[in-house]
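Can you keep this structure in mind? I'll have questions shortly.
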Amino acid sequence: MTAASQKPQLSLDARLGLDRYEIDAEQSHIAVDHDKCKTCTTRPCLVCCPAIVYRWTDERVAVAYENCLECGTCQIACDHGGRGAITWHIPAGGFGIAFRYG
Amino acid sequence: MERFDVIVVGAGPAGATAGRALAQAGLNVLVVERAATPGAKNVSGGLLYSRAVAEVYPEFWKHAPIERAIAAHQIVMLGEHTSTALDFRSAQAATPPFNAFSVLRAKLDPWLATQAEEAGASLISGVNVDALLVENGRVVGIQAGPDQIGADVVVVAEGTAGLLLKQAGLRGPHNPHDVSLGVKEVIALPPDVIEERFQCDAETGAAYTLVGSTGGVEGGGFIYTNKASLSVGVVVKIDSLYASGRHPHEILDAFKAHPLVQRLVRGGEVVEYSAQTVHRGGFHLATQLVGDGYVVAGSAARLLVNNVLTLRGMDFAITSAVEAAQAILQARFAGSYTAATLGNYVERLKATSIYQDWRTFKDAYGLMENPRLFSLYPDLAGEVLERLLTADTKPGSKALGALSEALKGKASWLTLSQDMLQIARGMVL
Amino acid sequence: MNIVALVKYSRDVTEIKVDPATSELRTAGVPERVGLIDKNVVEAAVRLKEATGAGLKVIALAPATARDSFKDVLAMGVDEVVLIEDPFDGEAEAGIVVRLLEAAIRKLDPVDVVLCGFASDDGYSFQVGPRLAERLRRPLLAYARGITPEGGGLRVEQNLDDRMQTVTAPLPALVSIDEEAFPPRRTTLMDALKAKKKPVNVWGIETELGLSRADLESSARIADTRLTGVVVRRQQRVLKGQDLGAMADELIDALEQAGVLKGAA
């Protein structure tokens, strides 16, 4: 097999772009207590999220909730490995990720 | 207040099955699902094992949207540049009643929900249940937005990440040590390419379980053949994941870049990226299954059999739902829905073969915490075989000598034998 | 008063992919649903129903298998759905669609207000509203962003792009709803339970509407032959600033250079 026939891996953004979301423009389903994050030394949310919903930007956690795949990992990771700053709700009925294959 | 005999939260395999069984018995059942369409929030990282399912849905493979009957299992240890595989094929698994099927949940779950509806259950999709209504320690119904709906019993089948039980104080938080994250891609390939590449025919397919595929993070990889796509993913323990500092999609990318995996997925088009938490299946981690006015079924109760080689969540969910429904019918006959009368569910569940399998493989849980299983041994297996199979210019040695060479500086013979004993306890003896 | 809202069961346009080689739209296997434009129509109709106590029916052109797809619409407050079984599989020319809708509306007579979208989610031809108003000999109040019952008629605020115009008209009338003017309400569990008891009646074009398929087909004047996407090339520049402030400056510079912003500095 030649190198040319090898497709490069898709970027995460390209992958998320393949997915279907019904975005709730009115409200985020993820609440973050930013004061707790300031004192958090581990910030597992920045690593664990498969959609990189959480990014450290301008001294605080920016939350791109619209990309959330709704796995719930952030809640578990933050509760135990962080400061318990994240409250992950399920998105409003019918909103959020809608897998075509699953 | 509007009332039903039973409210089921969640229309996955557990919820739909409970709804169907109770509606068949003539009860007035409401099933509430948060996705606009059942299955749209669900991801399968396993196979649908058919024996227990067929008892509930006879010959379901003729009607349900399954993908392929899995007649080939590959158990692979991935070294950095090697792969060592056990290739098991069974003609029996390719004929009824089969062993297991690959499935895609966005297709399977709507079918299951339709079975519940056809039995007479009322299915409402696209609506969240916000809380369990609790009065004097007893679950009496649900809160959904502004609406309160009452029921004799609530079946909680909200899935792994479900928050209702936690909110109501009926389960503790999940521990990142006991829960894994699965990330997966569905990769489209033409059926004839799949059949050629995985040596199967139009109806059958292969399942790969891969160890050593997660760059030392505790977990494993999988590849399942669907009709016209592959499900390719890695499952990693959450505490091990954040300790590694690597993003989940990067672990998936590294897995897909391994020469063995690369060959299997090449030319395919990624059509979906998904993620899902999955309990690691610790026998000791089951939540309380019943309480006054409620029962818990499926992965909401952390029911999962995981012995490294097989991962049984969906059939366990279906079995648990059937037993929960039977217990509810018994409790209804007695006219009381307390933890004591519903407790029959636990007794019934304990008598099922899948529950007994769960107990049998309880030591596999500790085995999967041995870091050498994920990094050292897959490489070691490759290295030993490489020494035995490579015609070198230097004189070679027999297997034991090759193993001794390969072990040097990595682990002692004592560690190796202790680990082998642990593997034996978990899976063999 | 009786209201009819027209709803198209249309292709989910967010699911249509463009073939990169030919620019043709890949429409095979694209799921269908009640589109967002149409849900805005239903929301406008439900608000009018609530303001007047009128009866409200939805007429939809769809395959009979789509019956269950109207649960949301019924949960929003519609009394009944009339599903015209579409013999043309969503491909009918606007002239034919208008004849089908006209026949259904006349069968439901008396209908005081007909509401429809300014265009359909997938076809986007902008034709059904005006042509249907003409066939029904009703005034067309197009691009409505506000509808108020007034003195036995309607007062409607119309979006004419560069200005808003308020008009009044007697009933019967036809109102087309402007884009995103009536964001659909979020329904509750009780709404959904009530919707389960509401009827979806399937009408055949020959049995219920007394039309002949052959006759309709022969009236078609325009045939679609090819559907391609328009390719827009974007500059796609990535802002490289260290923080949001630097990126904002960079963005402003770039917009100035492109002549989009003037005199920002």
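The values are calculated or read from the model by the stated rules, or taken from the named source; none is laboratory data. No experiment lies behind these values; they were computed from the predicted model shown. Backbone-built Cβ (ideal geometry, glycine too); neighbour counts: all protein chains shown.
Among the numbered criteria (1) farther than 26 Å from residue C:35 by Cα; (2) among the basic types (Lys, Arg); (3) outside any strand (DSSP E or B), which single criterion is violated by residue A:55?
Tallying (1) farther than 26 Å from residue C:35 by Cα; (2) among the basic types (Lys, Arg); (3) outside any strand (DSSP E or B), residue A:55 fails exactly one: (3).
Is there any pair with a first residue in segment C:41-62 that is surrounded by 23 or more Cβ atoms within 10 Å (Cβ to Cβ) and a second that is assigned to a helix (DSSP H, G or I) and β-branched (Val, Ile, Thr) whose Cβ atoms are under 6 Å apart and which are 6 or more apart or on different chains, and what are they?
Listed pairs, sorted by first residue: C:42/C:73; C:58/C:73.
So is residue C:174 under 21 Å from residue C:71 (Cα atoms), in the same structural domain as residue C:131 (by TED's automatic domain parsing) and not in a loop (DSSP other than H, G, I, E, B) or not?
no
Okay, next question. In segment B:280-303, what residues are out of contact with any Lys or Arg (no Cβ under 7 Å at 6 or more places or on another chain) and at positive phi?
If the condition is that a residue be out of contact with any Lys or Arg (no Cβ under 7 Å at 6 or more places or on another chain) and at positive phi, then B:281, B:298, B:302 are the ones that fit.
Here are C:106, C:145, C:138: which of them is out of contact with any helix residue (DSSP H, G or I) (no Cβ under 7 Å at 6 or more places or on another chain), in a helix (DSSP H, G or I), assigned by TED's automatic domain parsing to the domain that holds residue C:58 and at pLDDT 95 or above?
Just a single option satisfies the conditions, and that option is C:106.
To keep it simple, each residue is scored yes or no on (1) surrounded by 24 or more Cβ atoms within 10 Å (Cβ to Cβ); (2) under 30 Å from residue B:14 (Cβ atoms); (3) more than 14 Å from chain A (Cβ to nearest Cβ); (4) of a type in the set (A, V, I, L, M, F, W, C).
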position: B:213; (1), (2), (3), (4): yes, yes, yes, no
position: B:241; (1), (2), (3), (4): yes, yes, no, yes
position: B:252; (1), (2), (3), (4): yes, yes, no, yes
position: B:260; (1), (2), (3), (4): no, no, no, yes
position: B:273; (1), (2), (3), (4): yes, yes, no, no
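Looking for something in a strand (DSSP E or B) and touching a residue at least 60 places away in the same chain (Cβ under 8 Å) - is there at least one such residue anywhere in segment C:149-165?
yes
To continue, here is another question. Taking into account only those residues within segment C:17-40 that are among the β-branched types (Val, Ile, Thr) and in contact (Cβ under 8 Å) with a residue 40 or more places away in the chain, which is nearest to the other protein chains (Cβ to nearest Cβ)?
So the residue we want is C:18.
In segment C:220-256, which residue that is part of a helix (DSSP H, G or I) and among the charged types (D, E, K, R) is nearest to residue A:13 (Cα to Cα)?
Among those that are part of a helix (DSSP H, G or I) and among the charged types (D, E, K, R), it is C:250.
Kindly provide the set of residues from segment A:15-28 that are within 23 Å of residue B:184 (Cα to Cα), in contact (Cβ under 8 Å) with a residue 12 or more places away in the chain and either part of a loop (DSSP other than H, G, I, E, B) or not aromatic (Phe, Trp, Tyr) (or both), ordered by number.
Of everything in segment A:15-28, those that are within 23 Å of residue B:184 (Cα to Cα), in contact (Cβ under 8 Å) with a residue 12 or more places away in the chain and either part of a loop (DSSP other than H, G, I, E, B) or not aromatic (Phe, Trp, Tyr) (or both) turn out to be A:16, A:19, A:20, A:22, A:23.
Would you check if residue A:61 is hydrophobic (A, V, I, L, M, F, W, C), more than 8 Å from chain B (Cβ to nearest Cβ), farther than 29 Å from residue B:105 by Cβ and crowded, with 21+ Cβ neighbours inside 10 Å?
Details: hydrophobic (A, V, I, L, M, F, W, C): yes; more than 8 Å from chain B (Cβ to nearest Cβ): yes; farther than 29 Å from residue B:105 by Cβ: yes; crowded, with 21+ Cβ neighbours inside 10 Å: yes.
It is true that residue A:61 is hydrophobic (A, V, I, L, M, F, W, C), more than 8 Å from chain B (Cβ to nearest Cβ), farther than 29 Å from residue B:105 by Cβ and crowded, with 21+ Cβ neighbours inside 10 Å.
Can I ask one more? Taking only segment A:48-102 into account, find how many residues are more than 17 Å from residue B:172 (Cα to Cα), small (Gly, Ala, Ser) and free of Cβ contacts under 8 Å to residues at least 40 places away in the same chain.
Qualifying residue count, segment A:48-102: 5.
Given the residues A:35, A:19, A:79, which is the only one that is more than 10 Å from chain B (Cβ to nearest Cβ) and not aliphatic (A, V, I, L, M)?
A:35
Something else now. State all residues of segment B:307-324 that are part of a helix (DSSP H, G or I) and hydrophobic (A, V, I, L, M, F, W, C); if no residue qualifies, say none.
B:314, B:316, B:317, B:318, B:321, B:322, B:324
I've got another one for you. So, residue B:361, is that one among the hydrophobic types (A, V, I, L, M, F, W, C), out of contact with any Pro (no Cβ under 6 Å at 6 or more places or on another chain) and under 27 Å from residue B:235 (Cβ atoms) or not?
The answer is yes for residue B:361.
Continuing with this model, one more query. Could you check, for segment C:193-204, whether at least one of its residues is within 14 Å of chain B (Cβ to nearest Cβ), more than 30 Å from residue A:61 (Cβ to Cβ) and exposed (fewer than 11 other Cβ atoms within 10 Å of the Cβ)?
Yes, because at least one residue in segment C:193-204 is within 14 Å of chain B (Cβ to nearest Cβ), more than 30 Å from residue A:61 (Cβ to Cβ) and exposed (fewer than 11 other Cβ atoms within 10 Å of the Cβ).
Quickly run through segment B:164-196 and pick out the residues that are over 23 Å from the mean Cα position of the chain (by Cα) and within 13 Å of chain A (Cβ to nearest Cβ).
Matches in segment B:164-196: B:167, B:189.
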